[in-house]
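Undergrad: Sharing a structure here in structure tokens format.
The values are calculated or read from the model by the stated rules, or taken from the named source; none is laboratory data. Remember, predicted model here, so these are calculated numbers, not experimental data. Every residue, glycine as well, gets a Cβ built from its backbone with ideal geometry; the counts of neighbours run over all protein chains shown.
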Amino acid sequence: HGLVLTKLGRRREAMQAYRRGLEVSAEDLDLVACEADLLDQEGEVEAAYERVASFVERGVDHPGLGIVLANVCRHVGRCEEAVAYLERQRSRGDLQPEIRAEVCFALGKLYDRAGRYDEAFATFREANGLMRLRFDEEAHAADIDGLIEIFTPGFLERAPRAKVETDLPLFVIGLPRSGTSLVEQIVASHPQAAGAGEIGDIGHFVERLVGRRGGRGGYPECFRHLTARELDAMAQEYVDHLRRLAPGAVRVTDKMLQNYQHLGLIALLFPRARVIHIRRDPRDNALSIYFQQFLGNLSFSGDLRQIGVYYRHYRRLMDHWRQVLALPVLELDYEALVAEPERWIREIVAFAGLPWDERCLAFHETRRTVATLSYDQVRQPIYTSSVGRWRHYERHLEPLYQGLGERLA
């Protein structure tokens, strides 16, 4: 129950659920690990460490405790202890593959931080091998081909538009681990704006369109049959949802990762919507994806060549949108943002149509729920250590270059 509440962003209720469970069973290690993980996500790293430390010191074996320890150890100077504890979990023969993978992802990050790059890469490779993800490259390429074929200048000229006049939504798009959470945190630090995180509405609209005619045409053919009435209903539903999430906000961000594929539909739903597209060096971006455990919904994430293939199609589609859509898009490079934060944060705020506010520069002080893997990063000032990180792993990048179809200078 607590896990479901955490996923919904209802963290206070989740904490209450865990603590009620612990009143009944104080030594339930799953509950202890969940409570400590939630404390970490809330920024209470010392409390999270204290919660697991007594069990770790007593030699109690539990992978969840080790993962919390790995997440907080650098804040409390206990990373060697975390490495030893996780290596012990890794060598156990009784762990389920997905739990063992979680242990390896956490351990890989500790090796990476310690500068033990070959050990880190071997550990991440083991982790991804345990995930057994399946990415259908041909089906994905066909989807991108279909979108490019349908959303031509001629189609966009003829297609109906929703009549819901609004510039409330601000779409933040990019690949996973490209900096979308950072951009959202900057905007959400403005008193007139709010960050809705990754909301699935646009994807649900697409599913509805595919299913509405008994699947006739399927995806992306369904876009050929759009009616003004359908667009109006979807646009109104989406705006109502944003207003419920953030009453009174002038601008609300949606950073759902798959929205880059749906920009054509977004342009028909919200002709006045703004889009911030954040890009990152594909080598750094790919490694950051490879080093994270994505549960099921990113089937390309466990193989560097497939990440390269996915990146190539993403870039191809974004190039197409740039040519055919009239939406205002701010193109932003992650490397430029971290090199000159004030310049680009001012640019972001101006593009969002908001008056300047100093709080956007101090975005790391904004307290809000961040329900993505980047929750720890957005609590820190901007740092440049993730730029050029690929150089530590250059000897392992050949499969990525094969997927990208090019070598990068």
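Undergrad: Collect the residues in the stretch 1-20 that are in a helix (DSSP H, G or I) and either on the phi > 0 side of the Ramachandran plot or small (Gly, Ala, Ser) (or both), keeping them in residue-number order. So that I can check it myself, show each step before the final result.
TA: Step one: list which residues in the stretch 1-20 are in a helix (DSSP H, G or I), which gives 2-7, 11-20.
2, 14, 17 - these are the residues of the stretch 1-20 that are in a helix (DSSP H, G or I) and either on the phi > 0 side of the Ramachandran plot or small (Gly, Ala, Ser) (or both).
Undergrad: Tell me which helices (runs of 4 or more DSSP H) are completely within the stretch 124-218 and hold 2 or more residues being within 18 Å of residue 306 (Cβ to Cβ), or say none if there are none.
TA: Hits in the stretch 124-218: 137-150.
Undergrad: What number of residues in the stretch 21-68 are closer than 16 Å to residue 84 by Cα, in a loop (DSSP other than H, G, I, E, B) and among the hydrophobic types (A, V, I, L, M, F, W, C)?
TA: Of the residues in the stretch 21-68, 1 are closer than 16 Å to residue 84 by Cα, in a loop (DSSP other than H, G, I, E, B) and among the hydrophobic types (A, V, I, L, M, F, W, C).
Undergrad: Working carefully through the options 316, 283, find the one that is part of a helix (DSSP H, G or I), touching a residue at least 12 places away in the same chain (Cβ under 8 Å), charged (D, E, K, R) and under 30 Å from residue 106 (Cβ atoms).
TA: Step by step, each of 316, 283 is checked, and only 283 is part of a helix (DSSP H, G or I), touching a residue at least 12 places away in the same chain (Cβ under 8 Å), charged (D, E, K, R) and under 30 Å from residue 106 (Cβ atoms).
Undergrad: Cβ-Cβ under 6 Å, sequence separation 6+ or interchain: first residue in the stretch 18-36 and under 16 Å from residue 50 (Cβ atoms), partner not acidic (Asp, Glu) and not in a helix (DSSP H, G or I). Which pairs?
TA: Pairs found: 29/62.
Undergrad: Do you know which residues across the stretch 69-91 are part of a helix (DSSP H, G or I), of a type outside the set (A, V, I, L, M, F, W, C) and without any contact (Cβ under 8 Å) to a residue 40 or more places away in the chain? Show your work before the answer.
TA: We begin by selecting, within the stretch 69-91, every residue part of a helix (DSSP H, G or I); these are 69-76, 79-90.
Right, trim to of a type outside the set (A, V, I, L, M, F, W, C) and you get 71, 74-75, 80-81, 85, 87-90.
Hits for the stretch 69-91 are 74, 75, 80, 81, 85, 87, 88, 89, 90.
Undergrad: Here's something else I'd like to know. Is it the case that some residue within the stretch 144-164 is in the same structural domain as residue 326 (by TED's automatic domain parsing), without any contact (Cβ under 8 Å) to a residue 60 or more places away in the chain and buried (at least 17 other Cβ atoms within 10 Å of the Cβ)?
TA: No, there is no match, as no residue in the stretch 144-164 is in the same structural domain as residue 326 (by TED's automatic domain parsing), without any contact (Cβ under 8 Å) to a residue 60 or more places away in the chain and buried (at least 17 other Cβ atoms within 10 Å of the Cβ).
Undergrad: Suppose we keep only residues that are of a type in the set (Gly, Ala, Ser) and not in a helix (DSSP H, G or I) within the stretch 102-118. Which one would you say is nearest to residue 63 (Cα to Cα)?
TA: 114
Undergrad: In the stretch 324-352, which residues are loosely packed, with under 13 Cβ neighbours inside 10 Å and touching a residue at least 40 places away in the same chain (Cβ under 8 Å)?
TA: The answer is 326, 331.
Undergrad: Among the residues of the stretch 253-274, how many are within 15 Å of residue 182 (Cα to Cα) and β-branched (Val, Ile, Thr)?
TA: Let us first name the residues in the stretch 253-274 that are within 15 Å of residue 182 (Cα to Cα), namely 253-257.
After this cut, where a residue has to be β-branched (Val, Ile, Thr) as well, the list is 253.
Total meeting the criteria: 1.
Undergrad: Out of everything in the stretch 40-74 that is surrounded by fewer than 16 Cβ atoms within 10 Å (Cβ to Cβ) and hydrophobic (A, V, I, L, M, F, W, C), what residue ends up being farthest from the chain's Cα centre (by Cα)?
TA: Taking the candidates together, the pick is 60.
Undergrad: Let me ask something else about it. Exactly one condition in (1) surrounded by fewer than 18 Cβ atoms within 10 Å (Cβ to Cβ); (2) within 26 Å of the chain's Cα centre (by Cα) is false for residue 77; which is it?
TA: Among (1) surrounded by fewer than 18 Cβ atoms within 10 Å (Cβ to Cβ); (2) within 26 Å of the chain's Cα centre (by Cα), residue 77 violates only (2).
Undergrad: Inspect the stretch 386-400 for any residue being at pLDDT below 95 and of a type in the set (S, T, N, Q) and give the result as yes or no.
TA: Yes.
Residue by residue, here is whether (1) in the same structural domain as residue 351 (by TED's automatic domain parsing); (2) closer than 28 Å to residue 347 by Cβ; (3) surrounded by 23 or more Cβ atoms within 10 Å (Cβ to Cβ) holds:
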{"position": "262", "(1), (2), (3)": "yes, yes, no"}
{"position": "269", "(1), (2), (3)": "yes, yes, yes"}
{"position": "276", "(1), (2), (3)": "yes, yes, yes"}
{"position": "283", "(1), (2), (3)": "yes, yes, no"}
{"position": "287", "(1), (2), (3)": "yes, yes, yes"}
{"position": "293", "(1), (2), (3)": "yes, no, no"}
{"position": "298", "(1), (2), (3)": "yes, no, no"}
{"position": "302", "(1), (2), (3)": "yes, no, yes"}
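Undergrad: When you scan the stretch 104-117, how many residues do you find that are under 23 Å from residue 306 (Cα atoms) and in contact with a Lys or Arg (Cβ under 8 Å, 6 or more places away or on another chain)?
TA: Matching residues across the stretch 104-117 total 1.
Undergrad: Does residue 21 fit the bill of being at pLDDT below 90, more than 27 Å from residue 284 (Cβ to Cβ) and in contact with an Asp or Glu (Cβ under 7 Å, 6 or more places away or on another chain)? If you could, list the steps in order and put the result at the bottom.
TA: Working: at pLDDT below 90: yes; more than 27 Å from residue 284 (Cβ to Cβ): yes; in contact with an Asp or Glu (Cβ under 7 Å, 6 or more places away or on another chain): yes.
For residue 21, the condition - at pLDDT below 90, more than 27 Å from residue 284 (Cβ to Cβ) and in contact with an Asp or Glu (Cβ under 7 Å, 6 or more places away or on another chain) - is met.
Undergrad: If I ask for residues that are hydrophobic (A, V, I, L, M, F, W, C) and touching a Phe, Trp or Tyr at 6+ places or on another chain (Cβ under 7 Å), which ones from the stretch 63-84 would you list?
TA: Within the stretch 63-84, 65, 69, 72, 76 meet the criteria.
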